[in-house]
Amino acid sequence: MENHSRFKKNTGVGQLFDESIARCPERTAIVYGGWHITYRELGSLINRAAHYLRSLGVKKGDRVAVITRNCPEFLIADMAALRLGAVSVKFNWRLSPEEMEYLLDLNDVHCAFLKAERGDWSLELARHYGGSCKFIHLENEPDGTSALYKLLEGQSDEPIETEVDDNDVAYHMHTSGTTGRPKCVVYTHAGVLNEYESMLQALYFRDGQRYQFISQLFHSAGAGAYLNLSVGGTTYLMDHFEVESYVESLEREKIEVIGVIPLILKGILDEADKKNYDLSSLKAINYSTCPISPDLLKRALDKLDCGFYQSYGMTEMASVVTVLEPEDHFTAGGRHLTSVGRPIPGAAVRIVDDEGRDCPVGETGEIIVRGNGMMSGYYGQPELTSEVIVDGWYHTRDMGWLDEDGFLYLNGRKDSLIISGGENIYPEEVSNVILKMPEVSEVAVYGVPDEKWGERVKASVVLMPGVEMGVDEFKKFCRARMPAFRVPKEVEFLPELPKNATGKVLINELRERSVKK
């Protein structure tokens with residue numbers, strides 16, 4: 001592979017952990033509950049899983065989906081597929097069966113690792129495909145042990161190394177679509193490795209560090225777990241956030257580095273205020289994904305004696321574009337605290353107006369970016385790709401401005417994307433479900449500021465004439481038909497929605513009225 005100094009083999013992303021496996025085989029790589037996996041064991045499990053996939057007929061270029069909440073099996077399955085030169089397909093394990101079927105078909109997946117969140121959803125998927133898609137079920141054995149061990153019994157642990165070219169596809173990842181259907185983002189091996197090289201230069205990753213990981217591995221934010229393993233760190237993997245156990249683990253395991261969204265950072269601070277935790281082992285906190293309030297950031301800086309790294313990025317760029325480094329939090333009299341930093345090595349940022357002309361310093365416009373990890377495009381959507389990537393620059397539809405020192409400041413979004421608790425939500429994904437309710441005539445879905453979640457989903461609903469409905473009944477319908485993170489946290493019933501002369505709903509008017517309440 002080219003353009004990166006750390007990752008030199010021609011086996012692409014599948015070789016990401018090889019240096020750590022060779023250098024520190026007896027060091028603990030992953031801790032997950034009571035499961036401690038050394039680097040030697042991790043390498044063996046990846047190799048055996050690759051042989052297992054090969055026995056099923058998986059070959060270079062085939063698409064292998066990994067559908068599960070955070071667990072060691074996710075990392076093992078993902079890396080095994082990459083070792084074969086297969087394309088690893090990642091999407092949200094919380095999606096409904098119908099949404100999963102759409103993505104499995106879109107990606108032409110015929111083999112999928114699956115640990116369903118609900119047993120009935122797993123059965124529904126199996127019934128739908130009737131064997132045309134091979135599901136490798138990862139539910140634990142009755143005694144609590146991983147099903148993976150039984151699956152891999154008798155498989156060789158001899159390494160499999162499949163040569164790949166720079167432009168060979170490594171990943172299909174998914175981001176929400178404006179029509180309510182996800183977009184499939186395509187990453188090449190070179191793009192991922194070069195992005196990871198840049199992130200290693202910009203963020204805190206040290207040999208042997210203890211890193212507690214709570215982000216979702218199917219997200220581009222999952223890069224943190226992969227990078228920690230690439231430098232020989234121990235990754236304390238968590239599959240859900242429960243504040244007391246999370247903070248207790250920080251103290252007990254003497255965690256040195258964490259990656260958090262503002263919601264989790266607030267939970268840590270609240271819990272630390274209740275009890276006298278010793279968090280002195282913390283050396284670095286990476287915070288990102290959704291807006292953070294200045295009060296919360298100041299509170300964290302005052303409470304926790306460690307380096308803070310703010311990052312800004314998106315799925316289309318394979319994660320990070322800019323970073324606000326620890327020292328930048330205190331320069332210029334704290335003025336940079338409200339920024340998201342400057343471009344990482346290999347990345348660049350411009351601010352342009354509606355005509356594509358560069359805006360002067362301090363003037364708001366659309367943020368366009370380029371960098372090592374930029375997607376090769378949206379799978380199967382060349383027209384959309386050409387709309388968002390123009391002359392080598394990705395048009396983010398985020399609005400912002402640059403100061404005279406090159407620091408980037410965000411001012412909202414051109415489109416309607418809601419970021420709540422780190423999850424990207426498009427209103428259409430929510431309203432398309434709500435409009436299936438026979439009692440509903442019209443609905444407007446949008447995001448409003450929220451101290452805890454960054455933003456929360458709000459629905460303004462017009463019911464059919466003569467119909468009455470309560471908020472609880474409304475939410476019950478939503479919860480049965482969409483992931484929990486999309487269910488509106490706030491609901492109001494209105495006699496009509498405000499509209500302009502052409503009949504377009506005035507979302508800004510609804511949002512502004514909500515904020516003023």
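The values are calculated or read from the model by the stated rules, or taken from the named source; none is laboratory data. Keep in mind that this is a model prediction, so the values were computed, not measured. Don't worry about glycine lacking a Cβ; one is built from the backbone with ideal geometry, like all the others, and counts go over all protein chains shown.
Numbers for the structure displayed
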{"quantity": "Selected residue (criterion: surrounded by the fewest Cβ atoms within 10 Å (Cβ to Cβ)) from residues of segment 111-121 that are touching a residue at least 24 places away in the same chain (Cβ under 8 Å) and touching an Asp or Glu at 6+ places or on another chain (Cβ under 9 Å)", "calculated": "Cys111"}
{"quantity": "Selection count where residues are in contact with a Cys (Cβ under 7 Å, 6 or more places away or on another chain), modelled with pLDDT under 95 and assigned to a strand (DSSP E or B), scope segment 349-397", "calculated": "1"}
{"quantity": "Count - residues of segment 334-348 that are at positive phi and at pLDDT 95 or above", "calculated": "2"}
{"quantity": "Selection from segment 472-487 of residues that are crowded, with 16+ Cβ neighbours inside 10 Å and in a helix (DSSP H, G or I)", "calculated": "Phe474, Phe477, Cys478, Phe485, Arg486"}
{"quantity": "Residue ID - surrounded by the fewest Cβ atoms within 10 Å (Cβ to Cβ), chosen from residues in segment 367-401 that are more than 14 Å from Gly313 (Cβ to Cβ) and of a type in the set (Phe, Trp, Tyr)", "calculated": "Trp393"}
{"quantity": "Number of positions in segment 25-51 that are farther than 25 Å from Ile214 by Cβ and touching a strand residue (DSSP E or B) at 6+ places or on another chain (Cβ under 8 Å)", "calculated": "2"}
{"quantity": "Residue tally, condition assigned to a loop (DSSP other than H, G, I, E, B) and not charged (D, E, K, R), over segment 297-313", "calculated": "2"}
{"quantity": "Leading residue by the ranking (farthest from the chain's Cα centre (by Cα)) among those in segment 353-393 that are under 30 Å from Asn107 (Cα atoms) and among the acidic types (Asp, Glu)", "calculated": "Asp391"}
{"quantity": "Residues satisfying the stated conditions in segment 206-254, i.e. among the hydrophobic types (A, V, I, L, M, F, W, C) and closer than 22 Å to Val323 by Cα", "calculated": "Phe213, Ile214, Leu217, Phe218, Ala221, Ala223, Ala225, Leu227, Leu229, Val231"}
{"quantity": "Answer residue from segment 232-260, given it is in contact with a Lys or Arg (Cβ under 9 Å, 6 or more places away or on another chain) and part of a loop (DSSP other than H, G, I, E, B) and is surrounded by the most Cβ atoms within 10 Å (Cβ to Cβ) among those", "calculated": "Gly233"}
{"quantity": "Matching residues in segment 272-296 - criterion: being outside any loop (DSSP other than H, G, I, E, B) and either modelled with pLDDT under 90 or of a type in the set (D, E, K, R) (or both)", "calculated": "Asp273, Lys274, Pro294, Asp295, Leu296"}
{"quantity": "Matching residues, segment 68-110, being in a strand (DSSP E or B) and either free of Cβ contacts under 8 Å to residues at least 60 places away in the same chain or over 20 Å from Leu125 (Cα atoms) (or both)", "calculated": "Val87"}
{"quantity": "Every pair of residues 6+ apart whose Cβ atoms lie under 7 Å, when the first sits in segment 16-34 and is of a type in the set (Val, Ile, Thr) while the second is surrounded by fewer than 16 Cβ atoms within 10 Å (Cβ to Cβ)", "calculated": "Thr28/His36"}
{"quantity": "Given (1) part of a loop (DSSP other than H, G, I, E, B); (2) free of Cβ contacts under 8 Å to residues at least 60 places away in the same chain; (3) out of contact with any strand residue (DSSP E or B) (no Cβ under 9 Å at 6 or more places or on another chain), number of the condition Leu497 does not satisfy", "calculated": "(3)"}
{"quantity": "Condition check for Ala22: of a type outside the set (Ser, Thr, Tyr), part of a helix (DSSP H, G or I), surrounded by fewer than 17 Cβ atoms within 10 Å (Cβ to Cβ) and out of contact with any Lys or Arg (no Cβ under 6 Å at 6 or more places or on another chain)", "calculated": "yes"}
{"quantity": "Flag if Gly466 is more than 19 Å from Val433 (Cα to Cα) and among the small types (Gly, Ala, Ser)", "calculated": "yes"}
{"quantity": "Condition broken by Lys516, with the remaining ones in (1) of a type outside the set (Gly, Ala, Ser); (2) farther than 26 Å from Pro262 by Cα; (3) without any contact (Cβ under 8 Å) to a residue 40 or more places away in the chain; (4) exposed (fewer than 12 other Cβ atoms within 10 Å of the Cβ) satisfied", "calculated": "(2)"}
{"quantity": "Single residue of Val467, Val430 found to be outside any strand (DSSP E or B), under 19 Å from Arg181 (Cβ atoms) and of a type in the set (A, V, I, L, M, F, W, C)", "calculated": "Val430"}
{"quantity": "Positions within segment 122-146 being touching a residue at least 24 places away in the same chain (Cβ under 8 Å), farther than 25 Å from Gly61 by Cβ and surrounded by fewer than 18 Cβ atoms within 10 Å (Cβ to Cβ), in sequence order", "calculated": "Glu124, Glu139"}
{"quantity": "Residue that is surrounded by the most Cβ atoms within 10 Å (Cβ to Cβ) [pool: residues in segment 91-106 that are within 18 Å of Thr315 (Cβ to Cβ) and more than 19 Å from the chain's Cα centre (by Cα)]", "calculated": "Leu106"}
{"quantity": "Segment 212-231, residues that are closer than 16 Å to Tyr171 by Cα and part of a loop (DSSP other than H, G, I, E, B)", "calculated": "Gln216, Leu217, Phe218, His219"}
{"quantity": "Residue in segment 408-420 that is outside any strand (DSSP E or B), modelled with pLDDT of 95 or more and surrounded by fewer than 15 Cβ atoms within 10 Å (Cβ to Cβ) present", "calculated": "no"}
{"quantity": "Residues (on the phi > 0 side of the Ramachandran plot and outside any loop (DSSP other than H, G, I, E, B)) located in segment 314-333", "calculated": "Ser319, Ala332, Gly333"}
